[in-house]
Amino acid sequence: MKSIKTALAGTAAAIAMSSAAMAADCPIKVGVLHSLSGTMAISETTLKDTMLMLIDQQNKKGGLLGCDLEAVVVDPASDWPLFAEKARELLTVHNVDVIFGNWTSVSRKSVLPVIEELNGLLFYPVQYEGEESSKNVFYTGAAPNQQAIPAVDYFLDELGVEKFALLGTDYVYPRTTNNILESYLQQKGIAADDIFVNYTPFGHSDWSKIVADVVALGADGKKVGVISTINGDANIGFYKELAAAGVSADDIPVVAFSVGEEELSGLDTSNLVGHLAAWNYFMSADTPANAEFIETWHAFIGDDTRVTNDPMEAHYIGFNMWVNAATEAGTTDVDAVRENMWGQEFPNLTGGTAVMGVNHHLSKPVLIGEIMADGQFDIISQTAEVPGDAWTDYLPESAVLESDWKDLQCGMYNTQTKTCVQIKSNY
Amino acid sequence: MRGIMLKRFFLVLLAAISLAAAARAQDGIGPMQAILQEQAEVIVKSSRTSIGPAIDAVAASGLPQAQGVLEAWQAKDMWQRQADGLFFRATQDGDRYLLTDFDTGAPVGEAGKADLRQIKPNSGVRALLGTALVRFQLLDPDPARRADALTSLERDANADLLAPLRAAIDPEPDAGLKARKQRLERLLTISYDPDQAARIAAIDAMSGDLGVDVRAVLNPLVATTLRVFPGTPPEGLNIAKRLRPGSADLPREAAYDMLVQADLAPPRVSPAALRDALAAHIRNGAVGGVPVAQLSDPDRRTVAYTALAAAGLVPPYLTEDQIDAALEAHVFAMLYAEPSSAVTDAANAALTNISMKVGLNQALDLGLDALSLGSIYFLAAIGLAITFGVMGVINMAHGEFIMMGAYTGYVVQQVIPNHTVSIIVAIPLAFAVTFAAGVAMERLVIRWLYNRPLETLLATFGISIALQQLAKNIFGTQARPLTSPDWLGGAWVLNDVVSISYIRIAIFVLALIFLALFLFIMKRTRLGLETRAVTQNPGMAAAMGINPGRVNMLTFGLGSGIAGIAGVAIGLFAKVTSELGSDYIVQSFMTVVVGGVGNIWGTLLGALMIGSLQKGIEFLNPSNTLAAQTYMIIFIIIFIQFRPRGIIALRGRAAGD
Amino acid sequence: MRNSFVARNPSVLIFLAILALFTLAITVLSEGVGLGLVSTSFVKTLGKTLCLALIAVAMDLVWGYAGILSLGHFAFFGLGGYMIGMWLMYERTRQIVVDSLANAPIPPTPQEISDAIGSQIFGVVGGSDFPVIWSFAHSLTIQLILVVAVPGLLALVFGWLAFRSRVTGVYLSILTQAMTLALSLYLFQNDSGLRGNNGLSGLQNLPHLDDVPQSIVSIWFFWASALALALGYLLAAWVVSGKFGSVIRGIRDNEARVRFLGYSVEAYKLALFTLTAMIAGIAGALYYPQAGIINPAEIAPIASIYLAAWVAIGGRGRLYGAVIGAGFVSLVSSWFTGGQAPDVHLGFYTIRWVDWWTILLGLSFVAVTLFAPKGIGGLVDLWTDRRAPDRHGADLGPDMGSLREREAER
């Protein structure tokens, strides 16, 4: 008991001391809130490294506002409540000026109340289900209309798919995305009977029956396509079963929203050639900016085989926008930076320019790639920039909602009743 | 940036067109190039919706080069030279690309990648190209091309191709391709032949065939649309059946909505519309005489609205009687798109015939899936059947032994690239690695805890999380590839309904081998005898000269080693991650407990029961696999209430307590 | 009675005194009401740790005293959290909805309010209808009753089924683990009506108390957790000190003998199992408003195993051992994973504790079971000079894992 008390006292003292030392303005602190252990470490560690690289680069360019940038890295360990705790620690103990972090939607929902309460600033880099716009968060990943909807359009127009299998892991991103897609497809004239939906647990491995079900969908003579929001490891079993069943991309194309270069490195892709993925960025994008980014990344990480992926680009854009906004504002004060973020422009790695909208979402081009045998994507379609839509137009409840932090000063504005439903998020 | 790109695009296009014109004037380009140049814009755009004319132009050109152009295009071998917009076939040679002229087939030089633009038809465009190629390829001397043509036809056919296909059947030398052609001819006849008798004959011929393609041809024939008619439907329509509003097929609301859609009835006032109408007519704090404050009551809202309607300010509020009357005045019927009732009758008969067969085969397929899942659970649990079932040791780290086996397979595959050899090496190596780990664990930890089963659970759980984290530290959290050899790829296809992948068959066989091995070791070897003796009464066994420590060590090692081999098998069909083991540990314990501890047949039955149960629930609720797992576990909990000692319970002294 | 109870259990008084001192010290040092030396996030951590200590006490009752290694108590903990979370979420959302609809020209109908709350809560998981289990979410009183009723009922039904068919020992452990797994898988489904994988979030924001800063709220919850722990500890100490306690210890050491003596073993076990499930529910209901979010991952089977490990490390069969174990392991764990522990440089390799802490923890489970079955609490025995009687290696009973030295001594 005694030892605990001394341990506690020690920790308390340490915390007190660190908060006392926090008074000075330099260096400017950048919080990095990505899981370095647990199930999400697989994806998030890369983003932590990306942030360290970007901060390092910026410091070499002379820092920001005459100060050096300093990264404060914490590990929320894929534990959702811990995200909230660590976010509070970053904002109150370490006094960071901005946080870059989170991957899963549930971790973002966990952090939201803390960020809003303490008026922090979070850059969230991952494609997500939308239906959210917080005053204190900038969403640099894709909203559904920047990934899912264009991919479905591609299926409808380019591949002539008439019957859809929406396969997803059972969590909020697939649920909401599939909901939006179901509604969208029905508006496009696809009958409800022609939409097959299935949810599987995380890490699911027994795919034989589901693949058989999908093949059997072809029995009424319509072309079948699969929209996959299957997450992480479960994809491996899914694609293996698909290959074993001899389903070729020409018969039943699969477009995935959660499979990128990083995920494919765990797979032998020779049997998957031709299946698709939709993102805002592919490593194979042929631009000088991308070549430079990849080169810097390889040099920083010391490994030429490491791939780059979409959330990395999101952090790249988000970080640079934040730097520019803070430079224009002349301060890292959250409110000043936020106002300067609106309309902030920065070139994409895939060409074109990303623009930050007043709804805190980016305008980005949508790319569709076919999987190649080397685990990279062959970009076969690239749209013009699509502005991210916080509230989808394809669900009746959210079609009437709008987010505009500049003029309406509201993230959830009901255009019918002309009222602001809420300023703070309802998580 | 985009503006610049667009501009550049147009410049190139302009240059291309003018150059093409100039070239044609000088007769410098061939006729095929001229066609391509005419279509350059849509070819470069490469969208399925607009590419049609370009493909038709090439296919219908009558030029001998057409087939070559279409094939190159389909294979993404067609490139456009940025400088003059001309199209070439290009083959890569190091950094350079060798260009070949489509018209002459002669090389015309080479270019760097920056000077060229690859034409990348997407899979939709490739399918159109494939269909366009069918005419050329059906009688191609190369059997592979003829097979390609048939594949394209299977995917996407049209009425014009029926005649060429019929003409191509007789000259076909290859028996397999000929059979495919004949089958395709039947299917196309059903869809496209103008002669009704021929269609019905073809339908009858295909009746009872299990192929998805047959159903894909028949189902559109019997596809129906729901239509509404004011009064009796006109004659000459092929009506499937009439529907009564309010029945299960046609709910009352849906039926009325159809009337509204068809402008046959006034729309109902939805609650939201009602509210908006009220809001629009607030006068002096009241609507239709009802004070606004009372309008939180739905009944008052109706009263207010009716008052407004009576004043003619809003559309009338529909009563249920009015809705009923409107529904009564109309006829709802399902109409076949196919006008001939003889054809739809034949198709329906054929489909009924097929669907019975399909049902039977689906049951068979489900049975195979269940068997396969059961064998996977059995394989995962068999090691546990030894350590837990025979020795009574709770080993929570069993899953991590499975994981170690899978990672061993992965490491071996990194060293030995040949997949077949690597698997052959990996299996004994995985056994050796996990055997050693098991022996070490038994010697260091478990033997001190034989009398404290609950603490064994705790200690082995500690080892489990330590091993899992160690695997993460060594191999990272990313899933690692463990690829099966090619001869295990693919699936054994009985028909379009019943199929099972070879890897699952291999796992099934492996499970059988282990069952035999287990029985052999336990019943026929000295180790088995000693194990059974030590399990039943260690003191007595020791008195008979058996060294219980050694026996326990070897038995535990054996159980762990088998887990390692199971790991290789599971890694082959699923994934290799550090969490691989924990996915199976609870299921494995369930399998052993449900089956009955201490009896391998019980474990087998338990695995089969859990496997088929899970597949059964999945079949009943296909859209939610997670539910299947939940209900399966609940079922097991209840099952154990009724058979606490499992399916096959040990009786008497062997039961141990 | 009271006197004799305290006199027989001096450790209870000492424990309560230490807890009171600790609570007072943190209050004085806190940001919200005191000197501001302890940050709000750390107050929350400590408050949560107290809740973990409470469920560890419950675990010690079932495992340390009754010998039932339940791997399902975190399910009860989570259920308690869900029950209170439903009210917190519903009420907060209702407030937002009512405020926003108050501006509408026409006052909303109850149905409209309910629909709007539904689409706010379930919109994120693609629904808007209220599932049946939310029927009572509007009432704080009912949800508070459910905090103990739901875990209690689940424990009652499950325990009745399990004990009735004489499932004991490791079989029972596996069965409870299966129950936890089934529950967490069930909650992972969206159809369960509790927002699937997203769970219930924003729980730290108390409805109607928007103006109260988190620094104050955190102290309130810290006090409530300390009070709950004190009461729970008293209750547990009282339960194990009387005749009931003797019977359950008897069940642990030799179930058959107690049954032959005429006691209804099943009833005793069931009563204890249900009681501890209720305590776990209360602990959860206090924990999750401090954590801010509850989702099904919280009740995955591994959490319950960790719980057993805390109790083992702290020392089974003594209530303060459970508290020490929970507090020590969870605080040390958060210190190591928080990246605050210094890396160890070995020259050829750098040990980063983020990567190696779990391994250390796992190995310490092994070490504790092998070398220190009495856990950290055993140190107290050294201090109070209490030694196990030297029995020259003879067995006391069939279960050598039981800690029977104290009983043997009496």
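With both bridge residues required to lie in the protein assembly as shown, what share of the DSSP beta bridges run antiparallel, to the nearest 5%?
65 percent
At 7 Å along Cα-to-Cβ for each site, give me the label-to-label distance between residue B:204 and residue C:231 in nm.
The two pseudo-label positions are separated by 8.4 nm.
If you bin the C-alpha pair distances of region C:1-155 every 5 Å from 0, what whole percents do you get?
2, 7, 11, 12, 12, 14, 14, 10, 8, 5, 3, 2, 1, 0
How many angstrom lie between the C-alpha centres of region C:311-384 and region B:326-393?
For region C:311-384 versus region B:326-393, the Cα centre distance is 53 Å.
Can you pull the mean other chain C-beta count within 10 Å for peptide C:374-382?
Mean shielding by partner chains, rounded to a whole number: 1.
Given the C-alpha centroids of region C:153-227 and region B:268-325, what is the distance between them in whole angstrom?
Between the Cα centres of region C:153-227 and region B:268-325 lies a distance of 46 Å.
Quickly rank A:323-331, A:228-236 as a protection proxy: mean count of other C-beta atoms within 10 Å, highest first.
Order by mean packing, descending: A:228-236, A:323-331.
Work from the charge dipole of region A:36-144 (Cβ charges, +1 for Lys and Arg, -1 for Asp and Glu, about the Cα centre) and give the residue of A:133, A:52, A:40 farthest towards its positive end.
The Cα lying farthest towards the positive end belongs to A:52.
I want to check the label-to-label distance for residue B:242 and residue B:166. Put each point 7 Å from Cα in the C-beta direction and report it in nm to one decimal.
That separation, rounded to one decimal, is 4.1 nm.
Beyond 32 Å between alpha-carbons counts as too far, so tell me which of A:135/B:120; A:86/C:374; B:472/C:48; A:60/C:48 fall in that bin.
Distance filter (> 32 Å) returns A:135/B:120; A:86/C:374; A:60/C:48.
Got the relative contact order for chain A handy, in percent, Cα pairs under 8 Å and 6 or more residues apart?
Relative contact order for chain A comes out at 16 percent.
Run the reach check for residue A:188 against aspartates and glutamates, Cα to Cα strictly under 17 Å, same-chain hits fewer than 8 apart removed. What comes back?
Within reach: A:153, A:157, A:158, A:162, A:393.
Classify chain B as rounded, prolate or oblate from the Cα gyration tensor: take a ≥ b ≥ c as the square roots of its eigenvalues, call it rounded if a/c is under 1.5, otherwise prolate when a/b beats b/c and oblate if not.
Here chain B falls in the oblate category.
In sequence order, what are the phi-derived ³J(HN,Hα) couplings for region A:315-330 according to the Karplus relation 6.51 cos²θ - 1.76 cosθ + 1.60 with θ = phi - 60°, rounded to whole Hz, with x for glycine and proline?
Karplus values, whole Hz, x for Gly and Pro: 5, 4, 5, x, 5, 5, 5, 5, 4, 5, 5, 5, 4, 5, 6, x.
What do you get for Rg/Rh over the protein assembly as shown if you use C-alpha atoms and the Kirkwood form of Rh?
The Rg/Rh ratio comes out at 0.98.
At a Förster distance of 35 Å, what's the computed FRET efficiency of residue B:619 paired with residue C:367, Cβ-Cβ distance as r, to 0.05?
0.15
Using the alpha carbon gyration tensor of region C:261-340, what are the three equivalent-ellipsoid semi-axes (square root of 5 times each eigenvalue), largest first, in whole Å?
Each semi-axis is √(5λ); the values are 28, 18, 11 Å.
Report, in degrees rounded to the nearest 10, the 0 to 90 angle that the Cα long axis of helix B:419-444 makes with the longest principal axis of chain B.
Orientation of helix B:419-444: about 40 degrees from the principal axis.
Roughly how far apart, in whole Å, are the Cα centres of region B:421-437 and region C:275-304?
Using only Cα atoms, the two centres lie 42 Å from each other.
Which shape class applies to region B:567-657: rounded if a/c is under 1.5, otherwise prolate when a/b exceeds b/c and oblate if not, where a ≥ b ≥ c are the square roots of the Cα gyration tensor eigenvalues?
Here region B:567-657 falls in the oblate category.
Using the Karplus equation 6.51 cos²θ - 1.76 cosθ + 1.60 (θ = phi - 60°), what ³J(HN,Hα) coupling, rounded to whole Hz, does each residue of region B:348-357 give in order, writing x for Gly and Pro?
Coupling constants for region B:348-357: 4, 4, 4, 5, 4, 4, 5, 5, 5, 5 Hz.
If packing is taken as the average count of other Cβ atoms within 10 Å, what order do B:97-106, C:49-58, B:549-558 fall into, highest mean first?
Highest mean packing first, the order is C:49-58, B:549-558, B:97-106.
With a cut-off of 8 Å between alpha carbons and a minimum separation of six or more residues, what is the relative contact order of region B:358-655 in percent?
Relative CO of region B:358-655 lands at 35 percent.
Hey, how much of the P(r) for region B:358-655 falls beyond 32 Å, as a percent of Cα pairs?
For region B:358-655, the fraction of Cα-Cα distances above 32 Å is 25 percent.
Show me C:104-110, B:467-473 ranked by packing, highest mean number of other Cβ atoms within 10 Å first.
B:467-473, C:104-110
Tell me, what is the Rg over Rh of region B:475-605, with Rh the Kirkwood radius over Cα pairs?
Using only Cα positions, Rg/Rh for region B:475-605 is 1.07.
Against the 2.2 N^0.38 Å scaling, with N counting residues, where does chain C land? I'd like the Cα-based Rg ratio to two decimal places.
1.06
Give me the lysines in straight-line cross-link reach of residue C:243: C-alpha distance below 17 Å, same-chain residues under 8 apart excluded.
Correct list for residue C:243: C:269.
With a cut-off of 8 Å between alpha carbons and a minimum separation of six or more residues, what is the relative contact order of region C:122-202 in percent?
32 percent
Mind checking B:114-121 for the average number of partner chain beta-carbons within 10 Å of each residue's beta-carbon?
For this peptide, the per-residue mean of nearby foreign Cβ atoms is 1.
What net charge do the residues around residue B:522 carry, taking every other residue with its C-beta under 14 Å from that of residue B:522, with Lys and Arg at +1 and Asp and Glu at -1?
That sum, taken over residues with Cβ under 14 Å, equals +3.
Provide a whole-number value for the mean count of partner chain Cβ atoms within 10 Å of the Cβ atoms in peptide B:477-487.
6
Rounded to whole Å and sorted largest first, list the principal axis extents of the Cα atoms in region A:307-425.
Principal extents (Cα only, largest first): 52, 42, 22 Å.
Under 5 Å between amide H atoms, partner at least 5 residues away or on a different chain: which partners does residue A:29 have, H built in plane at 1.01 Å?
Here the answer is A:70, A:97, since their amide H atoms fall under 5 Å of that of residue A:29.
Every number in this text was worked out from the coordinates using simple rules, so none of it is lab data. Here the structure is a predicted model, which is why all the values come from computation and not from measurement. Backbone-built Cβ (ideal geometry, glycine too); neighbour counts: all protein chains shown.
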